[in-house]
Amino acid sequence: MKNTLYLLLLAGLLFGSGATAQSDQKQIKETLKSYFALLEKNEMIKSLDYLYPKFFEIVPRKQIEKSMNGVRNRGISFQSPLLTSLSDVIQVNQAKYALAAYTFKLLVKKKGKSKVALQDLASFFQQVYGNNNVSLDQANQQLVIQTKGEMYVINDPAYQGWKVLEKKKEEHKVLNKLLPKEVLEKL
């Protein structure tokens, strides 16, 4: 009788943690779907509400807004964002973390630019993203750049809901300030 009760309790705990993990994954996917939709609609300022708020302690929100408005004003837009993978959720202290991989197309419209200027711009993006990921559409005076990246998805009890934080090598110092070492090592 004791063993049966113990097994039932253990099964309940395992099922409960599995259900929580599925719920976290579902919530993350919904959050990223909403975030990607804002990017695709070119609603850059609204998309900042999904950024991990602690990031604004390092880089002021107004500075990021100015930069994002500049992106939009330069004829750059995001198309077809897609979540390609999502890690398991890990918990460190009271916060939860996951790593999401994604792809999207970056559309750069440069009306009125010469063919040479467009080709120079294409060459620049080919150096950054690779030759196979950049296509030049001379007829429409635009570049289509296939990109991929990763971002941390964070559920910190200090803030409401899941938030995002780009994972980039050049941002390593910032990430060290914002994320626990254990997260940086495991994800």
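The values are calculated or read from the model by the stated rules, or taken from the named source; none is laboratory data. Model, not experiment: these values are computed from the prediction. Please note: Cβ atoms are built from the backbone with ideal geometry, for glycine as well, and neighbour counts cover all protein chains shown. We work out accessible area using only protein heavy atoms, side chains counted, and drop any ligands, DNA or RNA first. Shrake-Rupley method; radii C 1.70, N 1.55, O 1.52, S 1.80 Å.
Annotations
- Among the residues of the stretch 28-69, those identified as of a type in the set (Phe, Trp, Tyr), open to solvent by less than 30 Å² (accessible area, probe 1.4 Å) and farther than 17 Å from residue 174 by Cα are 35, 36.
- When 110, 169, 173 are checked against the criterion of being open to solvent by less than 80 Å² (accessible area, probe 1.4 Å), of a type in the set (D, E, K, R) and modelled with pLDDT under 95, a single residue qualifies: 110.
Quick grid of which residues meet (1) under 23 Å from residue 41 (Cα atoms); (2) under 17 Å from the mean Cα position of the chain (by Cα):
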| residue | (1), (2) |
| --- | --- |
| 74 | yes, no |
| 84 | yes, yes |
| 109 | yes, no |
| 141 | yes, no |
| 154 | no, yes |
| 163 | yes, yes |
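- Tabulated pairs, the stretch 86-97, first in contact (Cβ under 8 Å) with a residue 24 or more places away in the chain and within 19 Å of residue 22 (Cβ to Cβ), second open to solvent by 50 Å² or more (accessible area, probe 1.4 Å) and part of a strand (DSSP E or B), C-beta under 8 angstrom, 6+ apart or interchain: 97/91
One line per residue, one yes/no per condition, for (1) open to solvent by less than 70 Å² (accessible area, probe 1.4 Å); (2) over 24 Å from residue 36 (Cα atoms); (3) small (Gly, Ala, Ser):
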| position | (1), (2), (3) |
| --- | --- |
| 89 | yes, no, no |
| 95 | yes, no, yes |
| 122 | yes, yes, yes |
| 147 | yes, no, no |
| 151 | yes, no, no |
| 181 | no, yes, no |
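- Within the stretch 134-184, tally of residues that are free of Cβ contacts under 8 Å to residues at least 12 places away in the same chain, in a strand (DSSP E or B) and under 16 Å from residue 58 (Cβ atoms): 0
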